[in-house]
Amino acid sequence: MAGKREENPAGSSNNLRGDVLRVLGVLKVATVEQIQQIAAPHMSYRHTDKETPSKRKQARTASHLGALSDLRKHGLAENGGQISGGDTLRNLTPMGLKAASYELGRPVGEMGNPARGAGRTGALHPMVVNDAVLALLRPKPDLAQLAGEPAEALAAAQAAVDAPDGLGTIASYATEVALPATGTWSNPGKGGAQADIVITAPEDGVPLLFVEIDNCYESAQVLAAKIDKYMRFGQRKVKDVDGKERPMWRTRWWVPDGRHSDQPHPPLLLVFNRVGPRNPNAVIEQLAELTQRHWQGTAYDDGFHMYDGKLPIVVTGMKQLQEHGPAGAIFRRFGRPHNQTLLETIGNPRREAHDARQQAAYATREREYKEQLRRAAEQKRAEREARRPVCAGCGTRFTDARWKDIEPAGWDAPRETHPHLCDDCKQCAITTERQAQQPASEHQEQDQAVPEQRAGGTWISRFRS
């Protein structure tokens, strides 16, 4: 125990240090409270008996603060400045990113770069990115860890558990991901985009989603230029390991194949955080017009659109996202008139409804056709039964085998001797005929043989001529 204490003076456990590595490996830079909210959400409902909010916060984050202290001793983490509220920012060193890659099960080359220096200007944008991750992830507290807490805290934790789920786990997220339009993944060239967040949660219906955070400082024209970069990345194709050309993004992320002639690029979610001077509603309206060529689908007479080669663009507000999460009807896709849930906006509900109607109609036709076949087969069986011969002896109907025996065969086949009798009656008739023939045969033999008579001491046989 003493050896462990010397190695980790703050006394943190492997699990706690693993929590910190996973969270910072994704977020790159975060406060200890953000780390706790993601890694141990049940702690947000503990220590409610402390006198002040600062003491409650200190108690909730003490464990992860100790883990960060031990990681700093090992050269895996470091302090990265402060945010405007005074909280210290934490980030990983290059060695810490490598350790985090093992915790996340992610290649080192996909971990990105350390976030050194992010806190020198207050890290406004990274903090908003972290807020968006929390709003989309919506970590659930473990109620078993809250035994003995006050009723108010338990009720709040229960409400969080009962609320709609978020998307994936912390390992489903990546931040500051380069999307190269030129160059390579590890050395991207000019003209590419950089996604604030990339989400891969296929188990929750989101195989791949790019997220861009806007603090309402940028114009619609600047955002449109960013979307052009996303489009260029989506259109880029490279040779895969099998020598075939595929979209570059498919060489890194798995997404189910789309329908024929309806394979859109991965969707882009724009989250507007209203802290800057621009009105997001006006920006969104201009942005939709400027990027129409990228997102507008092809209309079909059946009331749906196809989006082959298009970029689905979805918008929402940060406050709404934090309040309702991805399950709330707070998302608007360019080209659609109403808000929807996130899964509805990145999908194609009208096309799916059209396909479901077609599938139902096909299933109905298939059932009707099978029913017609069944009735035709029943009628055919009934007609055949009506033609089935009846035994002239006992009145029973012939078996299939007996019926086949009496049917006309080739010219060299033996003739059926009793075609109007079933098998049993035929055997009886044959037996009766043989018995009737047997006495006549014996009488004939007696008439042909006359007993010998003795004449003159010699036996003489007489035969009739």
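The values are calculated or read from the model by the stated rules, or taken from the named source; none is laboratory data. Predicted, not measured: the structure shown is a model, and the values here were computed from it. Neighbour counts are summed over all protein chains in view; Cβ atoms, including those assigned to glycine, are modelled from backbone coordinates with ideal geometry. Side chains included, ligands, DNA and RNA excluded: accessible areas come from the protein's heavy atoms. Shrake-Rupley method; radii C 1.70, N 1.55, O 1.52, S 1.80 Å.
Structural remarks
- Cα shape, region 1-135, gyration tensor, a/c 1.5 rule: oblate
- Antiparallel DSSP beta bridges within the chain, as percent of all bridges there, nearest 5: 75 percent
- Local net charge near LYS244, Cβ-Cβ under 12 Å (Lys/Arg +1, Asp/Glu -1): +1
- Local electrostatic count, ALA181, Cβ distance below 10 Å [Lys/Arg +1, Asp/Glu -1]: +3
- Accessible-area rank, largest first, for TYR45, TYR307: TYR45, TYR307, with all protein chains present and a 1.4 angstrom probe.
- Only helices enter this figure: runs of n ≥ 4 DSSP H residues, each worth -39500 (n - 2.57), summed and divided by the residues of the chain, yield -14000 deg cm²/dmol at 222 nm to the nearest 500.
- Shape class of region 64-137 from the alpha-carbon gyration tensor: oblate, with a/c at 1.5 or above and b/c at least as large as a/b.
- Shape category assigned to region 169-246 from the gyration tensor of Cα positions, a/c cut at 1.5: oblate
- Answer label for Cα Rg over 2.2 N^0.38 Å (calculated), chosen among [x] 0.95; [y] 1.43; [z] 1.91: [z]
- Solvent-accessible area, 1.4 Å probe, carbon plus sulfur percent, for region 204-247: 49 percent
- Net charge in the neighbourhood of ALA220 (other residues with Cβ under 14 Å of its Cβ; Lys, Arg +1, Asp, Glu -1) is -4.
- When the solvent-accessible area of region 255-351 is split by element, carbon and sulfur atoms take up 46 percent of it, the probe being 1.4 Å.
- Of the accessible area of region 39-187, computed with a 1.4 Å probe over protein heavy atoms only, carbon and sulfur atoms account for 52 percent.
- Region 379-433 and region 135-208 have their alpha-carbon centroids 79 Å apart.
- Solvent exposure of the chain amounts to 58 Å² per residue of accessible area, where only protein heavy atoms count and the probe is 1.4 Å.
- In summary, the helical segments of the chain meeting the span-like criteria, namely a full DSSP H run, a Cα extent along the axis of 18 angstrom or more and a mean Kyte-Doolittle hydropathy of at least 0.5, are 14-27, 124-137.
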